[in-house]
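Below is one structure; the comments refer to it alone.
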Amino acid sequence: MDILFIADPLDHFKIYKDTTYAMMAEAARRAHTLYACEPQHLAWVGGKVEGTVQRVKIVGDEADSARSPWYIAEAPEVLDLKHFDAVLMRKDPPFDMEYVTSTWLLELAERTGARVFNKPSAIRDHSEKLAIGEWPQFVVPTLVTRDAARLRSFHAEHGDVILKPLDGMGGMGVFRVKADGMNLGTIVEMLSDNGARSVMAQKFIPQIADGDKRILLIGGQPVPYSLARIPQGNEVRGNLAAGGLGRAQPLTENDRRIAETLGQTLFDRGLLLVGLDAIGDYLTEVNVTSPTCFREIMDQTGFDVAGMFIDALERAAAA
């Protein structure tokens, strides 16, 4: 297959932990042809969506995760996206208007025959924070509003809460406010931009001490291990980007219940890869933009997550 990866700059990849690199390496092992570009390299012209792309070859000993360079890229060329057997949208958030525009362009490409994973409309339709509202049986008490009075009332009711923006990633902008309410007003003003932006408030889940679990769904099926991202020191955030320690562990019975409840539904909507976040027994996020944690699970358990993903991609592209 010819596979196009729409991603952040390849030079920025930390290949010892990068999920997109793990996908690329597995695809290359199977003799698929790799191409790469960034979202700004897409254009709609003459009724079709084109990409200024580069063919990429992985070089060096894959066991050396510190090698540089890890790839060589051929000269850029302009290709219609329907040329590719699969187009993978792997650009990291922020989920801003440029990201939304990319999904619109990819949706136009689909209409002319391109095969895009995850499906652009499904990425748009599933807010990574708000999508949990579809499955309230798994959700801790939660409020989404830009009304400061309601946020204050929620804190007064639950005493210990987490406040976060709806468009963050990697733990950015996440605050814990305990029963004393210290800095609650300032945090609400900052996150809501004085009432201009909606904020998510959730009752604090003490099981965060055991980790913020990433549960991967591939082709609607759960990977049998999660990655528990454990906060370090006095940090409340378990995100790896915020210094959390990643520990792979078998799915619990409740993890499987959540994964099996959501898995087929999300796959049927065009979401080939989903990263569910769970703390304790509670679902906290449904990540659909560029879910990660392949490498950590593979390295710690030996389970071939990248192989499972490329298997699913091959089936989906052939369907």
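No lab work stands behind these numbers, since they all come straight from the coordinates. Note that this is a predicted model, so its numbers are computed, not measured. Glycine also receives a Cβ, built like all others from the backbone with ideal geometry; neighbour counts cover every protein chain displayed.
The table below gives the values:
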{"read-out": "Order of Tyr282, Tyr21 - criterion: other Cβ atoms within 10 Å of each residue's Cβ, fewest first", "value": "Tyr282, Tyr21"}
{"read-out": "Phi-based couplings in Hz for segment 163-172 (Karplus 6.51, -1.76, 1.60; Gly and Pro marked x)", "value": "10, 7, x, 7, 10, x, 8, x, x, 5"}
{"read-out": "Computed Rg/Rh of segment 1-79, alpha carbon atoms with Kirkwood Rh", "value": "0.99"}
{"read-out": "Percent of C-alpha pairs per 10 Å bin, segment 39-122, short to long", "value": "16, 42, 29, 13, 1"}
{"read-out": "For the chain, Kirkwood radius (reciprocal of mean inverse C-alpha pair distance, Å)", "value": "20.5 Å"}
{"read-out": "Dimensionless Rg over Rh [segment 207-313; C-alpha; Kirkwood]", "value": "0.95"}
{"read-out": "Sequence of His158, His83 once ranked by neighbouring C-beta atoms within 10 Å, starting from the fewest", "value": "His83, His158"}
{"read-out": "0 to 90° range, to nearest 10: angle between helix 305-318 axis and the chain longest Cα axis", "value": "60 degrees"}
{"read-out": "Residues of type aspartates and glutamates that Lys129 reaches as a straight line, Cα spacing below 14 Å, ignoring anything fewer than 8 places off in the same chain", "value": "Asp167, Asp277, Glu285"}
{"read-out": "Computed [θ] at 222 nm, deg cm²/dmol, the chain (DSSP H ≥ 4; -39,500 (n - 2.57); rounded to nearest 500)", "value": "-8500 deg cm²/dmol"}
{"read-out": "P(r), alpha carbons of segment 141-204 - 10 Å bins starting at zero, rounded %", "value": "25, 64, 11"}
{"read-out": "Along the chain, longest interval not containing exposed trypsin sites (Lys or Arg not before Pro), exposed being DSSP loop plus at most 14 other Cβ atoms within 10 Å", "value": "198-319"}
